[in-house]
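Chemist: Quick one: this structure, given as structure tokens, is what I'll be asking you about.
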Amino acid sequence: LAKTTQPISMDSYEGQEVNITCSHNNIATNDYITWYQQFPSQGPRFIIQGYKTKVTNEVASLFIPADRKSSTLSLPRVSLSDTAVYYCLVGVRDDKIIFGKGTRLHILP
Amino acid sequence: DGGITQSPKYLFRKEGQNVTLSCEQNLNHDAMYWYRQDPGQGLRLIYYSQIVNDFQKGDIAEGYSVSREKKESFPLTVTSAQKNPTAFYLCASSIYPGGAFRVTNEKLFFGSGTQLSVL
């Protein structure tokens, strides 16, 4: 399991672009990078997944450099409803899917 | 609609009582998972199952039990041995990639959770 490190919390303002970076120095060849979003009292929701370079969907973009030792989740023009916890997951440990503490993103008006 | 359903939404347990949380999915996923979340914390894995009639312990299995008799169902029992059961419980399912060269590209689909409290 690649250990992931992401900021504990971040603040931003409505309309801004938010970038959350996750470090995973010991990522393995067979590992994908997956991001989830969780609102209070709800289950996490899959946002985006990638292996290399850039992935974009209707919600976010995921940037992965060539060495794959980090990744950046980019949320364009955030709104108050983007206030949530964002989890970066890389790999498994003995087939277990392990969540870290995530990044608490707080969007201010 | 395909999805994963947890019930009940709220559950209260008396001391010494076992309670069972339900989790059902109609996504035809092989793998199912149970996580526990304490306030302000991340998710911790309790049990997981990759195939019917088989399951493995996660990081905090003590005081919990599960069964996987059907592909669609993965109920969690919180036993009286679990001394601090108050938490938010989340069930998830995914396709299990498997294979000799196992890629880690599971996408977990979560239920809406069960809040368990002790009376």
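Nothing in this text is a laboratory measurement; each read-out follows from the coordinates by a stated rule. This one's a predicted model, so the numbers in the text were calculated from it and none came from an experiment. Ideal geometry is used to build each Cβ from the backbone, glycine not excepted, and the neighbour counts take in all protein chains shown.
Chemist: For the pair A:Lys54 and A:Thr83, what calculated FRET efficiency results from E = 1/(1 + (r/R0)^6), where r is the Cβ-Cβ distance and R0 = 30 Å, to the nearest 0.05?
Modeler: 0.75
Chemist: Given the options B:Tyr96, B:Ile60, B:Ser112, identify the residue whose Cα lies farthest towards the positive end of the charge dipole of the protein assembly as shown (+1 on Cβ of Lys, Arg; -1 on Cβ of Asp, Glu).
Modeler: Looking along the dipole axis, the top candidate is B:Ile60.
Chemist: Oh, and also: Using a Gaussian network model of chain B whose springs link C-alpha atoms within less than 10 Å, name the residue from B:Val19, B:Val103, B:Val66 with the highest mean-square fluctuation.
Modeler: B:Val103
Chemist: For the range A:25-97 and the range B:55-70, compute the distance between their C-alpha centroids and round to whole Å.
Modeler: What the calculation gives is 27 Å, centre to centre.
Chemist: Taking only Cα atoms and a 10 Å spring cutoff, compute GNM fluctuations for chain A and point out the largest among A:Gln16, A:Gln38, A:Gln49.
Modeler: A:Gln16
Chemist: Quick one: if you stick a label point 7 Å off each Cα along the C-beta vector at B:Val118 and B:Glu69, how many nm between them?
Modeler: Result: 2.9 nm between the two label points.
Chemist: Something else: At 4 °C and a viscosity of 1.567 mPa s, what translational diffusion coefficient does Stokes-Einstein give for chain B, taking Rh as the Kirkwood radius over Cα pairs? Give it in µm²/s as a whole number.
Modeler: 89 µm²/s
Chemist: Under the rule of at least 5 residues apart or a separate chain, name every residue whose amide H is placed under 5 Å from the amide H of A:Val92.
Modeler: A:Ala2
Chemist: Please compute, for peptide A:35-43, the average count of beta-carbon atoms on other protein chains lying within 10 Å of each residue's beta-carbon.
Modeler: Whole-number average of other-chain Cβ neighbours for A:35-43 is 4.
Chemist: Which cross-chain or sequence-distant (5 or more) residues have an amide H under 5 Å from the amide H of B:Gly3, H modelled 1.01 Å from N in plane?
Modeler: B:Asn26, B:Leu27
Chemist: Next question. A:Ser41 to B:Asn105: FRET efficiency via 1/(1 + (r/R0)^6), r the Cβ-Cβ distance, R0 30 Å, to the nearest 0.05?
Modeler: 0.60
Chemist: Still on this structure: Relative contact order for chain A: what is it in percent, counting Cα pairs under 8 Å that are at least 6 residues apart?
Modeler: 37 percent
Chemist: Pick out which of B:Leu90, B:Leu108, B:Leu21 has the largest mean-square fluctuation in a Gaussian network model of chain B, springs linking Cα atoms closer than 10 Å.
Modeler: B:Leu108
Chemist: Sticking with the crude label model, points 7 Å out along Cα→Cβ, report the distance from A:Gln16 to A:Arg93 in nm, one decimal please.
Modeler: Calculated label separation equals 3.2 nm.
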